[in-house]
Amino acid sequence: MKEFLVFAISTLNFLISYSQEKNFLLNRPLLSSVDSIEKVNKGEEFIPTFTISVSKDYFPNADIFDLATPLIFFRKGNTFSTEMNYYFSLPDSTIRLISYSWEGTPKLSDELNALFETNADYFLKHFGHSGEIKNETHDTWAQKSLTWENDIVHVYQFIVSGKNTNRVRVLISWK
């Protein structure tokens, strides 16, 4: 019985993580193509009534761009919805960063970990290496992150786990 439960839970984690959409944009899209991209992926636009910005170290060279409030879309998934944020610079409307984010509860920590690992496998295949890993532990939360880059693109993935925060995020920016 114990072996069956381990098998069932492992299979469920595998299916949940692979059922999440893995449509990462590693080639910089044009701002004018975002609506089409999200239509194909069944993304629903969210129009914020507030300003959204990023810190100067959120992605490489973030401090040299004048970023507009991002275009935000939500893609429904089986376990998690994917929040897409397309950050673009003004006045040239060049996409500088795409943020993929999955939120969960502490009860979904195994599923978030599985998602993190399948994302890491995806980028391992693309970049040909497992990325630079960093672990942080704090009083109320912990973070594990991986970084990949080449001459064109920089990818940063992290998972944050804590009492009030449980998320996986992938940040893709271009050089």
Go through the range 102-143 and give me each residue that's more than 18 Å from Y156 (Cα to Cα), surrounded by 16 or more Cβ atoms within 10 Å (Cβ to Cβ) and either touching a Ser or Thr at 6+ places or on another chain (Cβ under 6 Å) or free of Cβ contacts under 8 Å to residues at least 40 places away in the same chain (or both).
E111
F24: modelled with pLDDT of 95 or more, surrounded by 11 or more Cβ atoms within 10 Å (Cβ to Cβ), among the hydrophobic types (A, V, I, L, M, F, W, C) and closer than 20 Å to F116 by Cα, yes or no?
yes
Among the residues of the range 77-109, which ones are farther than 19 Å from Y58 by Cβ and at pLDDT 95 or above?
P91, D92, S93
Taking the residues in the range 89-101 that are more than 13 Å from the chain's Cα centre (by Cα) and surrounded by 20 or more Cβ atoms within 10 Å (Cβ to Cβ) as candidates, determine which candidate is farthest from N164 (Cα to Cα).
I95
Being in contact with a Leu (Cβ under 9 Å, 6 or more places away or on another chain) and within 17 Å of T69 (Cα to Cα) is the filter here; which residues of the range 31-45 pass it?
L31, V34, D35, E45
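The values are calculated or read from the model by the stated rules, or taken from the named source; none is laboratory data. These numbers were taken from a predicted model, which means no experiment stands behind them. Cβ coordinates were reconstructed from backbone atoms using ideal geometry, including for glycine residues, and neighbour counts include every protein chain displayed.
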